[in-house]
Structures are given as C-alpha cells and as structure tokens.
Amino acid sequence: MPVLVTGAAGFIGSHVCHHLLSRGEAVVGVDNMNDYYDLALKEGRLARLTPHKGFSFHQLDIAEPGALVDALAGQGIVKVVHLAAQAGVRHSLDNPRLYVRSNVMGHLEVLEFCRAAPGFEHLVYASSSSVYGGNRKVPFAETDQVDRPVSLYAATKKSDELMSHTYAHLFGLPQTGLRFFTVYGPWGRPDMAYWIFTQAMLEGKPIRVFNDGEMWRDFTYIDDVVRAIVAVLDKPPAEAPPCRIYNVGNNRPERLDDFIATLERLLGVTAIRNSEPMQTSDVEQTYADMTALERDFGFRPSVSIEDGLKTFVDWYRSEWMARSAGR
Ligand SMILES: NC(=O)c1ccc[n+]([C@@H]2O[C@H](COP(=O)([O-])OP(=O)(O)OC[C@H]3O[C@@H](n4cnc5c(N)ncnc54)[C@H](O)[C@@H]3O)[C@@H](O)[C@H]2O)c1
C-alpha cells in the first residue's frame, strides 16, 4: 500500500519520498507546484523522484475541496505524511489568505481524506517551532503553553494541531504532529537564512543581520528530520485520543553571529553585514527540548551544524550553482 506524501516537490517532502522509496515502499506524491520560490528547485527535486518505479505524482491543490479524494480514492492509502503548506514566517505578513487556504483549509482536506480512507492507520503532519511564539522558557517543551503566536504562519500551524486533536477525539484518527525547528540541507529552501546568506556571500552582496546577531536558532539537518518522520510514521499512537505532538530539533541553538562565522569559514568569504532591528514576526530564540522523541522513539539528532552546513555548501556550489548557470 502506498504512502501519501503531500508537498512531495518541497524540501522536506522530497527527502521523505526518497527515504521511503529507498526502503522499498511505494509513494504517491502530491504538490500544487506553486511559485512561492524558484520552481526549478521543485522541478529538480521531482526529476530525482520520477525515475523510481514506486513513485507516482499528482499535481493538485490539497485545499480544493474533495481534490485528494477524487485523485486518490481506491489506492489503498492508509499512511500519510502531510508536509504541503505555505511555509515562511515573513511572507505571511503580506499574504495572509494564502496561509489560511493552504495550511488551514488544506489541513482540513487532508483530515477528511484520511477519515474517508478505509482502515486508515496514521497521519504524520508538519507543525512548527513557531507555535512557541515569544515564549521565554527554554528549551521549548511540548507541554508548554502555545497560545500566543506572533505570526499568522504560526497561528495556522497551531490551528492544525487543534483540528487534528478534534479528529483524533471524534473519529479516532491516529495522528502525530511534528514541530520542526529550522530545517536545512541540500535541495533546501531559498527563502531561509542559510540559503540567502550563502547566495549573498558568494555574490559579494551584503546580508541582513537582525538584532545585531543576537538571535538563536535550533538548526536541524534534513537527514535527522527525515529519520524522525519515518520512525514516527511506523509507530502510530495507540492511546485515546490517538494524537501526539513532538518537537523535532537539534537541542542545540546556534547564535546567529556564530552561524554566520561558520558559513564564512566554509565559504572562505567575509560577510558584509547590514544590521537591522528585530522584526515583530520573528522570535529571538528557538530551542527544542528533545526529551519526548528520545523517550518514545530513541531518537537523537546526529548531525552537527558544521557537518550539515558543509554538506549544504558543497551541494550549493557543486550542483545548484552549476544548474543555475546552465539556465
Ligand atoms: N523547513 C523548515 O525549516 C520548516 C520548519 C517548520 C515547519 N516546516 C513545515 O514543514 C513542511 C514542509 O516544509 P518545507 O520546508 O519542505 O517547505 P516547502 O515550501 O519546500 O514545501 C512545501 C510544499 O508544499 C507545496 N504546497 C503548498 N501549498 C500547497 C497546496 N495548497 N496544495 C498542494 N501543495 C502545496 C509547495 O508547492 C511546496 O512544494 C511545511 O508544512 C512547513 O510549514 C518547515
């Protein structure tokens, strides 16, 4: 029976598809291929998946009522990894409707798809560290209060967690929500700081450094994130209601200044820094308490920021820059 991966052309989704295919599972991917960032990236990720015999793809908008059921009913899907969303905190300031449509309506449609699927086993869906808002207590634990989001993006992710809880309670739909903390790696997202800084530094352009670099992020390498998703997917919650939430982070926040210094070392370039004030939709710190995922799944992140950034920088230089030059 195939696993459905939503957002399959996205950064995390494409890596999850690869992992599932490599362990012999059939995968059905869906994505609406929107142009929030360079479509060549999404097409490039898909091009690496389509040669696999076990992979099939549907271009569709998950928020369109009934679209998932119409396209996929009868395929025997009982496991879903739901990663499709309008991502990015800052973009949500100017495009609120996009976020509510893809992240709230889309999540509801995924829930409805799962509810209608005979013998459904497990929905694993993406939440975000942004739900912790401006919380001061660190590290952030799943039991902390998260009812003060500071961006609409965060509010949509919190809404997803609430809707999921309701479907677990009402319909016994087994689900696990994962709060990802700043995921990075090859085939990553060009709207995120690690990519924007790398590109600007290699082009000799200035980078925007908010709050004088006094910001901390718990960067999580993509392979660790995929390992966590797949471990969780294999083990649905059995309690009532069958609904859990876990942090997926590195448990080791990096100061923005140190992060830039690591990039400078790896790229052999000194960054031109433009200092800017903290933005109101941003938080000063993210820091994941990883006790729960380790307790229940024996999971520990294993890739250091130095090793992970090196792999990203190598990929960016050897593969992405070469591809971009050929366009
Ligand atoms: N990357 C991170 O650091 C991070 C951190 C926290 C949470 N997340 C969450 O993890 C998930 C995956 O993130 P990502 O970094 O891979 O982002 P991404 O933007 O690369 O991937 C999301 C994919 O979903 C697709 N999509 C968006 N709206 C859709 C819709 N209505 N119908 C069908 N497809 C749609 C996009 O085209 C994209 O390919 C998202 O839910 C995101 O909010 C990511």
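Read-outs throughout are calculated quantities, based only on the coordinates presented, and are distinct from any laboratory measurement. Predicted model, so just to flag it, every value in this text is computed and none were measured. Positions of Cβ are generated from backbone atoms using ideal geometry, with glycine treated the same way; all protein chains shown enter the neighbour counts.
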Could you check how many residues of the range 13-58 are of a type in the set (A, V, I, L, M, F, W, C), over 17 Å from I229 (Cβ atoms), in a helix (DSSP H, G or I) and within 12 Å of the ligand (Cβ to nearest atom)? 3
Against the conditions (1) within 21 Å of the chain's Cα centre (by Cα); (2) in a helix (DSSP H, G or I), where does V69 fall short? Just the number, please. (1)
Residue identified as on the phi > 0 side of the Ramachandran plot, more than 14 Å from the chain's Cα centre (by Cα) and not charged (D, E, K, R) among G134, G185, G119: G119
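Keeping to the range 78-106, report how many residues are in a loop (DSSP other than H, G, I, E, B), of a type in the set (A, V, I, L, M, F, W, C) and surrounded by fewer than 22 Cβ atoms within 10 Å (Cβ to Cβ).
Result for the range 78-106: 2.
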Please enumerate the residues belonging to the range 180-217 that are over 21 Å from A288 (Cα atoms), in a helix (DSSP H, G or I) and hydrophobic (A, V, I, L, M, F, W, C). W195, I196, F197, A200, M201, L202
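Take the residues in the range 228-255 that are outside any loop (DSSP other than H, G, I, E, B) and in contact with a Phe, Trp or Tyr (Cβ under 7 Å, 6 or more places away or on another chain); name whichever of them is nearest to K137 (Cα to Cα). Please lay out each step first, then the result.
The first filter runs over the range 228-255 and keeps only residues outside any loop (DSSP other than H, G, I, E, B), leaving 228-233, 243-248, 254-255.
Subsequent filtering for residues that are in contact with a Phe, Trp or Tyr (Cβ under 7 Å, 6 or more places away or on another chain) retains 228, 231-232, 247-248, 254-255.
Numbers: A228: 24, A231: 28, V232: 26, N247: 15, V248: 17, E254: 17, R255: 17 Å.
Residue satisfying both the conditions and the ranking: N247.
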I'm trying to understand the selection: among the residues of the range 223-246, which are of a type in the set (G, A, S) and more than 15 Å from the chain's Cα centre (by Cα)? A231, A238, A240
Which ones in the range 268-290 are surrounded by 15 or more Cβ atoms within 10 Å (Cβ to Cβ), within 26 Å of the chain's Cα centre (by Cα) and not aromatic (F, W, Y)? Q279, S281, D282, V283, Q285, T286, A288, D289, M290
Residue pairs qualifying under the 6 Å Cβ cut-off, at least six apart or on distinct chains, with the first in the range 172-201 being in contact (Cβ under 8 Å) with a residue 12 or more places away in the chain and among the small types (G, A, S) and the second being near the ligand (Cβ under 9 Å from one of its atoms) and not in a strand (DSSP E or B), are G185/I222; G188/F11
Among the numbered criteria (1) surrounded by fewer than 16 Cβ atoms within 10 Å (Cβ to Cβ); (2) within 14 Å of the ligand (Cβ to nearest atom); (3) under 21 Å from A71 (Cα atoms), which single criterion is violated by G7? (1)
